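Asks: Next up is a structure, given as structure tokens.
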Amino acid sequence: MKFAGMIIVFIAGALAPLAAFSKSGKAEFPENVVHVKVPSPSMKKDIDALVVLPKSYAKSPDRRYPVVYLLHGFSGNYMTWAIKTKPDLNKIASKRNVIFVCPDGGNSWYIDSPVVPDSKYETFTASELVGFVDKNYRTVASKRGRAIAGLSMGGHGALFLCFRHQDTFGACGSMSGTLDLRMNVNDGKIAVLGEYSKNRGAWDEHSVANNLHLLCRKNMPAVIIDCGTEDHLFPESEKVHREMLGMRLPHEYITRPGAHKRPYWNDAIDAQILFFVKYFNSK
């Protein structure tokens, strides 16, 4: 385990684009990247997602693969990771023999909203999406074969969902995560929780920083938290890190110079993928 004061420097190589666009504006993906529509019975609609498969997937029909679910940030969509943030994700999938799944989360904060009845993204992501992926792809269909990570809003979603669904996800990671929603009551972006003054209980219940009590040292998931020191959300990662230290909850914590921008996340995901691969390969 590694904790505070860790500085990591990555040298990024050339990035090959994951998708091209036709003259009509429709995305055209390589063979190992699949655009799927995932049924959500709880929301009575289909949700877009990208499934990024290793090249070995088609050649090894008896092999099963671990899955990393990647959640986008506020105002992003299911193509945020694969197109804008990490356009060589397909190469990484092949190198690490991991499946990546990038779902669309809207501006849901990946929760079942207490004030918006048709916004049930906790149910969708932790149950419906995982069930769809396990049914349609050769996955390691247990918590030992599942990790979930995200940036900003998705960083909140990844830790929130993993903490609350420890039988589903065995590892989780936050990059520049909004880890205490209560520190962001005035930014107008968390409409799915309603007005803070009238719904304080919901804001408490759905903030990662207020869900650490769900973790147990003996069986807790593998957790990695990363945030740049120039990021406006850095105090939230620091807060959760220090509270976890005080509770003696093991986790990996990475901090280095950087702001709330795409180049930072492009580097940060490399360390998180290695962290997850190590978890998948551990006994």
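Asks: Could you check, for segment 89-96, whether at least one of its residues is among the basic types (Lys, Arg), at pLDDT 95 or above, in a loop (DSSP other than H, G, I, E, B) and within 24 Å of THR168 (Cα to Cα)?
Replies: no
Asks: Please find, within segment 53-81, the residue that is nearest to the chain's Cα centre (by Cα) out of those that are in a loop (DSSP other than H, G, I, E, B) and farther than 28 Å from TRP109 by Cα. Don't jump to the end; show me each part of the working.
Replies: We begin by selecting, within segment 53-81, every residue in a loop (DSSP other than H, G, I, E, B); these are 53-55, 60-64, 66, 72-79.
After this cut, where a residue has to be farther than 28 Å from TRP109 by Cα as well, the list is 54-55, 60-64.
On the way: PRO54: 19, LYS55: 23, SER60: 27, PRO61: 27, ASP62: 28, ARG63: 24, ARG64: 21 Å.
Restricting to residues being in a loop (DSSP other than H, G, I, E, B) and farther than 28 Å from TRP109 by Cα, the top hit is PRO54.
Asks: Of everything in segment 37-57, what is without any contact (Cβ under 8 Å) to a residue 60 or more places away in the chain and within 15 Å of THR139 (Cβ to Cβ)? Give them in sequence order.
Replies: VAL52, PRO54, SER56
Asks: Quickly run through segment 133-151 and pick out the residues that are surrounded by 24 or more Cβ atoms within 10 Å (Cβ to Cβ) and over 20 Å from SER282 (Cα atoms).
Replies: Applying the first criterion (surrounded by 24 or more Cβ atoms within 10 Å (Cβ to Cβ)) to segment 133-151 yields 146-151.
Listed by number, the residues that qualify are GLY150, LEU151.
Asks: Quick one: would you say GLU122 is among the acidic types (Asp, Glu), under 19 Å from GLY173 (Cβ atoms) and touching a strand residue (DSSP E or B) at 6+ places or on another chain (Cβ under 7 Å)? Full working, then the answer.
Replies: Details: among the acidic types (Asp, Glu): yes; under 19 Å from GLY173 (Cβ atoms): yes; touching a strand residue (DSSP E or B) at 6+ places or on another chain (Cβ under 7 Å): yes.
It is true that GLU122 is among the acidic types (Asp, Glu), under 19 Å from GLY173 (Cβ atoms) and touching a strand residue (DSSP E or B) at 6+ places or on another chain (Cβ under 7 Å).
Asks: If I filter segment 252-283 down to residues being in contact with an Asp or Glu (Cβ under 6 Å, 6 or more places away or on another chain) and closer than 18 Å to GLY76 by Cα, which single residue comes out as surrounded by the most Cβ atoms within 10 Å (Cβ to Cβ)?
Replies: ALA268
Asks: Select from segment 166-201 the residues that are in a loop (DSSP other than H, G, I, E, B), of a type in the set (Ser, Thr, Tyr) and farther than 17 Å from ASN107 by Cβ and list them in ascending order. Even if it seems obvious, please write down each step before you answer.
Replies: To start, the set of residues in segment 166-201 that are in a loop (DSSP other than H, G, I, E, B) comprises 166-170, 176-180, 185-190, 194-195, 199.
With the extra rule that they be of a type in the set (Ser, Thr, Tyr), the set shrinks to 168, 176, 178.
THR168, the sole residue that qualifies.
Asks: Now, a different point. Any residue in segment 104-133 that is under 14 Å from GLY194 (Cβ atoms) sitting within a Cβ distance under 6 Å of a residue that is modelled with pLDDT under 95 and in a loop (DSSP other than H, G, I, E, B)? List the pairs, counting only those 6 or more apart or interchain.
Replies: Every condition considered, the pairs that remain are VAL115/GLY194.
Asks: Quick check on my filter: what residues within segment 202-230 are of a type in the set (S, T, N, Q) and assigned to a loop (DSSP other than H, G, I, E, B)?
Replies: SER207, ASN211, ASN219, THR229
Asks: Oh, and also: Here is a list: PHE100, PHE160. Which entry is surrounded by 20 or more Cβ atoms within 10 Å (Cβ to Cβ) and in contact with a Leu (Cβ under 7 Å, 6 or more places away or on another chain)?
Replies: On inspection, the qualifying residue turns out to be PHE100.
Asks: While we're looking at this one, here's another question. Within segment 37-52, does at least one residue satisfy the condition of being outside any strand (DSSP E or B), loosely packed, with under 15 Cβ neighbours inside 10 Å, charged (D, E, K, R) and modelled with pLDDT of 95 or more? Can you show your working first?
Replies: Residues of segment 37-52 that are outside any strand (DSSP E or B), as a first pass: 41-44.
Applying the additional criterion that residues be loosely packed, with under 15 Cβ neighbours inside 10 Å yields 41, 44.
Then drop every residue that is not charged (D, E, K, R), which leaves 44.
Then keep just the ones that are modelled with pLDDT of 95 or more; that gives 44.
Looking for residues that are outside any strand (DSSP E or B), loosely packed, with under 15 Cβ neighbours inside 10 Å, charged (D, E, K, R) and modelled with pLDDT of 95 or more, one finds at least one in segment 37-52, hence yes.
Yes/no per residue for (1) touching a residue at least 60 places away in the same chain (Cβ under 8 Å); (2) assigned to a helix (DSSP H, G or I):
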| site | (1), (2) |
| --- | --- |
| GLU236 | no, yes |
| PRO250 | yes, no |
| GLY258 | no, no |
| ILE269 | yes, yes |
| ILE273 | yes, yes |
| VAL277 | yes, yes |
| PHE280 | yes, yes |
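Asks: Testing LYS189 on (1) at pLDDT below 95; (2) over 20 Å from the mean Cα position of the chain (by Cα), one condition comes back false. Which one is that?
Replies: (2)
Asks: If you check GLY170, GLY177, which single one turns out to be touching a Leu at 6+ places or on another chain (Cβ under 7 Å) and modelled with pLDDT of 95 or more? Lay out the reasoning, then the answer.
Replies: Numbers: GLY170 fails: touching a Leu at 6+ places or on another chain (Cβ under 7 Å).
After ruling out the rest, the residue left standing is GLY177.
Asks: Looking at this structure, is TYR78 within 22 Å of THR168 (Cβ to Cβ) and in contact with a Gly (Cβ under 6 Å, 6 or more places away or on another chain)? Outline the logic, then answer.
Replies: Numbers: within 22 Å of THR168 (Cβ to Cβ): yes; in contact with a Gly (Cβ under 6 Å, 6 or more places away or on another chain): no.
No, not satisfied.
Asks: Looking at segment 199-226, I want the residues that are hydrophobic (A, V, I, L, M, F, W, C) and have a partner that is in a strand (DSSP E or B) with Cβ atoms under 6 Å, at least 6 apart or on another chain. Which pairs are those?
Replies: These pairs meet every condition: ALA222/ALA171; VAL223/CYS172; ILE224/GLY173; ILE224/GLU252; ILE225/SER174; ILE225/TYR253.
The values are calculated or read from the model by the stated rules, or taken from the named source; none is laboratory data. Just so you know, these numbers come straight off a predicted model, no measurement behind them. All Cβ positions, glycine included, derive from the backbone under ideal geometry; neighbour counts span all protein chains shown.
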